[in-house]
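Quick notes on the structure that follows.
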Amino acid sequence: MDRTITSMLPAQRVIDDGDMLLWRALPLPQHNHLGPFVFIDHYRHQSQRGIGDKPHPHAGIEVLSYLLEGHVEHRDSMGITDRLGPGDAQCIRAGRGVIHAEQPQGGRHGLQLWTTLPPAQKLAKPTYTSWRAAAIPSFTRDGAEVTVLAGQVNDTSGPMQLASPTVLARIQINPGHSTTLQIDANAELGLYVMNGRVDAGGTVLDPGKLALLSHGDKLHIGATGSRRADLILLGGTPVPGPILFSGPFVMDTPERLAQARRDFTEGKMGTLDGVPF
């Protein structure tokens, strides 16, 4: 069965100041999740200015970064340092809490995504994993290039092993081309368009739009206009329980949110450059 678009949600233009352009596609007032995803930021900036370049905490989530252009240095309260370049990705399973900072080495283009952890893993020990571009598989078909970070598209599986069944793939389609992809029939999936115009099942999507998809095991998608289309397919199995936000913390109960705030201020998430003290 072919998937179709059930609704389209315009992302919020959070920053647009001549240096940085940041679109936020989740959470939105009318929708707060897509499968396990509860946060989608798509950014471009020209300078070394960052969004998360100052030490800050997270808890109750997995923080996924996918760097499309540029370089960034990662540091965290677990004592881990890393450097990401074009096409690299990382996952911080924040669990009960971690502090991190990411310092851009220049202009960047990329995505930061959060997946909410299942209730049983909200207080898990934090972990860190990264993948170089060469280790992230891709395939070409019908004028389209598909890079699979998590889950399976056609016969290609991504290397990210996340806490919940998750699909995350980048799709680039040459102008005037279209392709059909085999995907998980039951996953809750959507499309976020970064560049170009996309025809998905007869509905055209512009950049900055998040489209929610019906269920089905096939996705027919094409690029209209004169520019190469660049978009993200993402979603998976929704996490059970409430989704409660308090800044960088996402928990399933008010008590756990309050505990995360206390743990941060009491230094139980560790320290980085003196933060939180």
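General observations
- Per-region count, segment 10-60, residues without any contact (Cβ under 8 Å) to a residue 40 or more places away in the chain and basic (Lys, Arg): 1
- Among the residues of segment 180-213, those that are polar (S, T, N, Q) and over 27 Å from residue 43 (Cα atoms) comprise 180, 182, 186.
- Only a single item in (1) polar (S, T, N, Q); (2) within 22 Å of residue 30 (Cβ to Cβ); (3) in contact with a Lys or Arg (Cβ under 8 Å, 6 or more places away or on another chain) is not met by residue 174, and it is number (2).
- The numbered conditions (1) in a loop (DSSP other than H, G, I, E, B); (2) surrounded by fewer than 22 Cβ atoms within 10 Å (Cβ to Cβ) are all true for residue 263 except (1).
- Count of residues meeting criterion [farther than 15 Å from residue 116 by Cα and assigned to a strand (DSSP E or B)] in segment 70-91: 11
- Candidate set: segment 43-69, residues that are out of contact with any Gly (no Cβ under 8 Å at 6 or more places or on another chain) and assigned to a strand (DSSP E or B); chosen: the one farthest from residue 115 (Cα to Cα): 56
- Wholly within segment 194-258, strands (runs of 3 or more DSSP E) carrying at least 3 residues that are touching a strand residue (DSSP E or B) at 6+ places or on another chain (Cβ under 7 Å) and touching a residue at least 60 places away in the same chain (Cβ under 8 Å): 209-213, 218-224, 229-236, 249-251
- Among the strands (runs of 3 or more DSSP E) confined to segment 119-192, the ones with at least 3 residues that are under 16 Å from the mean Cα position of the chain (by Cα) and in contact (Cβ under 8 Å) with a residue 12 or more places away in the chain are located at 127-131, 144-150, 166-173.
- Answer from 84, 117, 64, 113 - the residue that is farther than 22 Å from residue 33 by Cα and either of a type in the set (Gly, Ala, Ser) or buried (at least 22 other Cβ atoms within 10 Å of the Cβ) (or both): 84
- Among the criteria (1) in contact with an Asp or Glu (Cβ under 8 Å, 6 or more places away or on another chain); (2) surrounded by fewer than 17 Cβ atoms within 10 Å (Cβ to Cβ), the one residue 272 does not fulfil is (2).
Yes or no, residue by residue, for (1) in contact with a Ser or Thr (Cβ under 7 Å, 6 or more places away or on another chain); (2) surrounded by 21 or more Cβ atoms within 10 Å (Cβ to Cβ):
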{"site": "208", "(1), (2)": "no, no"}
{"site": "213", "(1), (2)": "yes, yes"}
{"site": "223", "(1), (2)": "no, yes"}
{"site": "229", "(1), (2)": "no, yes"}
{"site": "240", "(1), (2)": "no, no"}
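- Which listed residue, of 166, 180, is modelled with pLDDT of 95 or more, β-branched (Val, Ile, Thr) and either crowded, with 18+ Cβ neighbours inside 10 Å or closer than 28 Å to residue 21 by Cβ (or both): 166
The values are calculated or read from the model by the stated rules, or taken from the named source; none is laboratory data. Since the structure is predicted, the reported quantities are computational estimates derived from the model, not experimental observations. Please note: Cβ atoms are built from the backbone with ideal geometry, for glycine as well, and neighbour counts cover all protein chains shown.
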